[in-house]
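Structure, as structure tokens:
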């Protein structure tokens, strides 16, 4: 079988203030008709640059510096913008990453899709409309006659992504480039969108170049896999082979760090459930640090019944354990976390941390005292650190606020805290923008821990991070919990991550707690249909049975602590 | 994705580079000269701006760079000494607008609720009155004179400063790092001073530079209309006003002071852009 797309020795350079920077350095890959080639890599690996070169949409300061890109027997490098326009849409379709921003908000769904057809010379309105309806039907959008007149904001994220897929396949291109097409979607929606892409590919024999950071998704969907890092190919080959017998160290690291494929975090404590009485270091009977009872949060809406964001949620978290709140977007999990951390007052219900009833705190002073026992870590480390303050000042701030110790003592505690979270001392003088995402999240964790709280609410704290960094942070959290006896409320949409770290789990759906129990119960014997759906949607589960990393990659259950530390330190060398 | 990484990596360096581009050297020079002339006019001109030095209405020459006016005073000397009137006046005007406007805006933005509504409605009323009409009313209430004209001009810019600083404070106030600061036990005023103000004032400073230019223009307007400094005082607007009767015979009396005003205003515009662009 001849390849549909052949990329040979591709090099891409970006012009910057410091001269040319090579983002892609000698990449080879092939896409065969009717097959999926997955291009896997973390942020900054150059995977998007490859995709953009293929479709001729590199940023204005980027250029293809060498190599060749052939579609069939046509050379694409060196095409003029004008020539490329006849390739885009007609020969290569693009499914972009963010369905929220990729549709024209002031044009109807019909007009959005018809635009592709119009650009490529479809004049007849009746025929165009018929084609758009046919496309909407093919991407499983119900009631196309109505949808065609709606605007993008009236559709859900998953539906918008379907519309974008419809636009990408409108002219039946031979190749579809899907650039992280499901990263912005909930897991259950992600699965349906990926199934749709699969079906269309098998129906039409289209080749798919699938760009993703998610190894599990690649393992499940791809025929061939190309793993990239820092602009170079680390490994490529048939998916079965790459995942069952990875050749490069980097692929092995990725496999060991992917939460949906392996055990990322080795927790040395026995898994405790709410009634566990065998805690080694704790008191003989584990007491509950956090008790949430019948929590209900309504948001008033103008001219409508109030929106119920959280509806009768109750759970208890024992000292030194992790409780995970799981749900998709809009499930009320973040709202619950904010109430627990004292940032929002619920409509009804109580939250008790230790002896303090958080929901009864009225004065600012009392709420302020709560900060010493309860801290919140945000999802986005780019937004939660003041861009104008150095790491030292950020971590010191809580101590300054509560006037703890003198100047020398505060500096000592900052230094100690930075060491705790695995950051080098010289990082203390840097500004947040000079740090990587993982380092920033470590700073945010250090700030939360410097007051020595007992309860830490982690709101999607690892969701914005690359898998290897995510794994490091998860290990860090597990180590800190063990050393400091911390209690976590871990809010996440990612069940694979939750399984790594949680002792008890609540599953929320549209504000309602549909399931609650120990992690083992929820993952192994889910009682609610929705939990089963969520579990089934974890990518990698339905993948080939061979998707287990080779022996050296699997962390032995008794892997010594030092080795973990080592890995974390290396990542910051 | 890669491009973005590279861009963040070089941000720190490129910001310094922006400050040194040649396009900024000239505006910087113009403003420096104007400021120095405002404080030490004798460095640039040796004569006395109010005494007659020769025949009236001489064309520009080596002895009298800008020529002489209708009573034989050296126009160049008058323009140099006028800098103190105009530039200092503009500084006062900007200061009035900046301090009062920002105070109103920050109070409204950080307090919210009823206070926000009341303050912003007052600002809306201020905005509804044409700037010239407002400054004329104020200057008539306060009495004529350079300082009063400057205050009158400053009052007209209060509304703009208030609106801008309010919107910036509101933007920063809802950011996660401000909430995180409260979460670390910060109190209202401390968080405001430590996080909200530093992160919201950059656009306000840029606006101040922009307003400096337009204040010079507005003060000149008031001077031209006769509400500013009394006649023998060399003030830029007044100079242009005095020269307007001789436009046909002695063009330099209006054109040359006019060019100086235009240069200073353009320079502050350019500077304002650099402040805004350099940080964003």
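Brief remarks follow.
- Packing rank of A:389-402, A:179-192, B:47-60, where each peptide gets the mean count of other beta carbons within 10 Å, highest leading: A:389-402, A:179-192, B:47-60
- Based on the reciprocal of the average 1/r between different C-alpha atoms, the Kirkwood radius for chain B equals 20.9 Å.
- Nearest 10 degrees, 0 to 90: helix A:125-138 Cα axis against chain A principal axis: 50
- Residue-normalised convex hull volume from the C-alpha trace of segment A:34-135: 158 Å³ per residue.
- When the P(r) is computed for segment A:104-214, the part past 17 Å accounts for 53% of the Cα-Cα pairs.
- Whole-Å distance, taken between Cα centres, linking segment A:479-524 and segment A:336-395: 20
- Among A:202, B:214, the ranking by other beta carbons within 10 Å of each residue's beta carbon, starting with the fewest, stands as A:202, B:214.
- Relative contact order (percent, whole number), segment A:137-226, Cα cutoff 8 Å, 6+ residue spacing: 28
- Equivalent ellipsoid, chain A (semi-axes from 5 times Cα gyration tensor eigenvalues, Å): 43, 29, 23
- Shielding by partners for peptide A:378-386, expressed as the average number of C-beta atoms from other protein chains within 10 Å of each residue's C-beta, is 4.
- Percent of C-alpha pairs per 10 Å bin in segment A:324-439, short distances first: 12, 34, 33, 20, 2.
- Relative contact order of chain B, taken over Cα pairs closer than 8 Å and 6 or more residues apart, is 24 percent.
- Inter-chain Cβ neighbour count for B:170-181, averaged per residue, equals 5 (cutoff 10 Å, partner chain atoms only).
- Helix A:467-484 vs. chain A, principal-axis angle (Cα, 0 to 90°, nearest 10): 10
- Working ranking of peptides A:19-26, A:419-426, B:112-119 by packing, defined as the average number of other Cβ atoms within 10 Å per residue, highest first, is A:19-26, A:419-426, B:112-119.
- Mean residue ellipticity at 222 nm, helices only, the protein assembly as shown: -15000 deg cm²/dmol; runs of at least 4 DSSP H residues each add -39,500 (n - 2.57), and the sum is divided by the number of residues.
- Taken over the Cα atoms of segment B:179-224, the convex hull encloses 72 Å³ per residue.
- Peptide A:441-452 shows a mean partner chain C-beta count of 1 within 10 Å per residue C-beta.
- Here segment B:66-188 was treated as a single set of alpha-carbon atoms; its pair distances binned every 10 Å from 0 give 13, 29, 25, 17, 10, 4, 1, 0 percent.
- Cα pair count fraction exceeding 22 Å, expressed as % - segment B:126-280: 55
- Degrees, to the nearest 10: B:146-173 long Cα axis against longest axis of chain B: 20
- Scoring A:357-367, B:159-169, A:506-516 by mean Cβ neighbours within 10 Å over their residues and listing the highest first yields B:159-169, A:506-516, A:357-367.
Quick note: the coordinates plus some simple rules give every number you see, no bench work behind them. Quantities reported herein were computed from a predicted structural model and do not represent experimental measurements. Counting neighbours? That spans all protein chains shown, and the Cβs are built from the backbone with ideal geometry, glycine included.
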